[in-house]
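The values are calculated or read from the model by the stated rules, or taken from the named source; none is laboratory data. No experiment lies behind these values; they were computed from the predicted model shown. Cβ placement follows ideal geometry from the backbone for every residue including glycine, while neighbour counts extend to all protein chains displayed.
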Amino acid sequence: MSAITGRTRLLGVMGWPVEHSRSPIMHAAAIQAAGLDYAYVPLAVAPEKLAEAVRGLAAMGFRGSNVTIPHKVAVAELMDELSPAARQIGAVNTIVVEPDGRLRGENTDAYGAFGAIKNQTGRSAQGRDVLVIGAGGAARAAACGAAERGAQRVILLNRTREKAEALAHDFAQSCPETEFAVIDQLAPGNLAPGAFILQMTSLGMKGDDPLPADPGTFPKDAVVLEAVYAPPVTPFLQACRANGLRTVDGLAMLVAQGARSLEIWTEATIDREVMREALES
Ligand code: NAP
């Protein structure tokens, strides 16, 4: 790691707890590979201290910070400005401190999802069916990103149907060119050939979790993206691969969203492979 000096710019990740975050490791590797004079540190911020901590970023000259569980929604209220994606998703995962101290909220999770798919398969969401499993923060980013990228249809499937309906309602107003539908269960033939399936629930983090959906019901040429990255290969990813489906894992999404944040802060070109290797080592 290069030496931290009085000129080193500061970046961080705010979470509570934050000690399990993988972001400091992957960002440090990318910063070093790009020869940037930045340092990226974990910031353990209790929910009741969030507003104070966010104001402190500008006061201490930080260039920005990532935001993770449980602050992504609450922090949006504390920004001076939101990017169109952050406003629509209703959550911020990247804070940018402008030179005059103003705070801009960005959300790079949709870029992470679709950037990872594009990078690994060359495919974009344009004109496709996109099944989003979940209706939490990651699912909101995925549904918004799919509509922004010209998906024909976004189909939502979530344990709590009302949350999926609320999400479909919100986005149907703001993205009238994309059709939004809510389903309780997927049957073979429900999705058009070449569909994207985005697994955006936290299922798979615990060993005894059920599968979020049956891969046997997906089109054979579908691409499946898994958001969960711990473990790096979830039972759902394993089942999809066993069914011969093309898959993109949660680490690829984590790397893509993190690289995008770093590009926004530094305007440098960021090496995704270096970030991935740091996570795997
Ligand atoms: P969240 O807002 O808490 O949403 C959780 C989602 O999972 C909800 O749809 C919830 O359904 C569903 N769920 C939870 N337990 C379930 C169960 N036992 N059965 C069925 N559904 C269940 O979380 P989030 O921020 O969206 O994150 C979701 C996952 O994505 C997490 O594992 C997170 O680490 C991961 N993620 C990864 C990346 C990446 O870069 N790879 C980025 C963002 C998030 P209900 O609505 O019914 O509660």
Is it true that some residue in the range 216-232 is within 16 Å of the ligand (Cβ to nearest atom), in a helix (DSSP H, G or I) and crowded, with 16+ Cβ neighbours inside 10 Å? no
Per the filter on the range 142-167, residues near the ligand (Cβ under 10 Å from one of its atoms) and either closer than 15 Å to LEU191 by Cα or in a strand (DSSP E or B) (or both) are LEU156, LEU157
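Being among the basic types (Lys, Arg), more than 18 Å from the chain's Cα centre (by Cα), closer than 30 Å to ASP221 by Cα and crowded, with 16+ Cβ neighbours inside 10 Å is the requirement here; does ARG128 meet it? Talk me through it step by step, then tell me what you get.
On the way: among the basic types (Lys, Arg): yes; more than 18 Å from the chain's Cα centre (by Cα): yes; closer than 30 Å to ASP221 by Cα: yes; crowded, with 16+ Cβ neighbours inside 10 Å: yes.
So ARG128 fits the description; yes.
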Quick check on this structure: which one of ALA230, ALA166 is hydrophobic (A, V, I, L, M, F, W, C) and within 19 Å of ALA86 (Cα to Cα)? ALA166
Set GLN32, GLN88: member being modelled with pLDDT under 95, out of contact with any strand residue (DSSP E or B) (no Cβ under 6 Å at 6 or more places or on another chain), part of a helix (DSSP H, G or I) and of a type outside the set (A, V, I, L, M): GLN88
Restricting attention to the range 110-125, and to residues there that are crowded, with 20+ Cβ neighbours inside 10 Å and not hydrophobic (A, V, I, L, M, F, W, C), which single residue is nearest to the ligand (Cβ to nearest atom)? GLY112
From (1) farther than 23 Å from GLY15 by Cβ; (2) among the β-branched types (Val, Ile, Thr); (3) not in a helix (DSSP H, G or I), pick out the condition that doesn't hold for ILE117. (3)
